[in-house]
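> Sharing a structure below in structure tokens format, with a few things to ask.
The values are calculated or read from the model by the stated rules, or taken from the named source; none is laboratory data. Since the structure is predicted, the reported quantities are computational estimates derived from the model, not experimental observations. Here the Cβ is made from the backbone with ideal geometry for all residues, glycine too, and neighbour counts use every protein chain on show. Surface accessibility is based on the protein's heavy atoms, side chains included, excluding ligands, DNA and RNA. Shrake-Rupley method; radii C 1.70, N 1.55, O 1.52, S 1.80 Å.
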Amino acid sequence: THGVRKSFSSALVKAAERKLDLLNSIDSFDHLKTIPSIRAEAARDAHGKYSIPIDREWRLVFGWNDGPENVEIKNW
């Protein structure tokens with residue numbers, strides 16, 4: 001959204017968009033885990049959620065139920 005783009009650097013927005021596109025294109029979480037550069041893992045502070053690093057500071061955090069749900073960008 002426009003608000004997100006104003007809040008974050010353009011490099012972070014572009015990296016997040018690439019990760020979101022990938023997340024939306026896969027059909028199972030197991031498939032996501034097979035992509036080494038993604039480094040998907042269980043989120044450390046959210047039971048039942050997973051995370052993907054965007055950069056050293058920010059991560060996509062999401063649940064999985066037949067696809068990604070409740071996707072958030074969180075400061076790690």
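> When the residues of the range 56-71 are narrowed to those that are open to solvent by 70 Å² or more (accessible area, probe 1.4 Å) and at pLDDT below 90, which ends up nearest to residue 14 (Cα to Cα)?
By that ranking, first place goes to 56.
> Go through the range 34-76 residue by residue and tally those that are touching a Lys or Arg at 6+ places or on another chain (Cβ under 6 Å) and not β-branched (Val, Ile, Thr).
9
> Being small (Gly, Ala, Ser) and touching a residue at least 24 places away in the same chain (Cβ under 8 Å) is the filter here, so list the residues in the range 34-66 that pass it. Lay out the reasoning, then the answer.
Our first condition is that a residue be small (Gly, Ala, Ser); within the range 34-66, this holds for 37, 40, 42-43, 46, 48, 51, 63.
Within the range 34-66, 51 is the sole residue that qualifies.
> Quick one: which residue in 7, 28 is at pLDDT below 90 and closer than 16 Å to residue 75 by Cα?
Of the residues listed, the single one that is at pLDDT below 90 and closer than 16 Å to residue 75 by Cα is 7.
> If you go through the range 27-53 one residue at a time, how many are β-branched (Val, Ile, Thr) and open to solvent by 20 Å² or more (accessible area, probe 1.4 Å)?
Of the residues in the range 27-53, 2 are β-branched (Val, Ile, Thr) and open to solvent by 20 Å² or more (accessible area, probe 1.4 Å).
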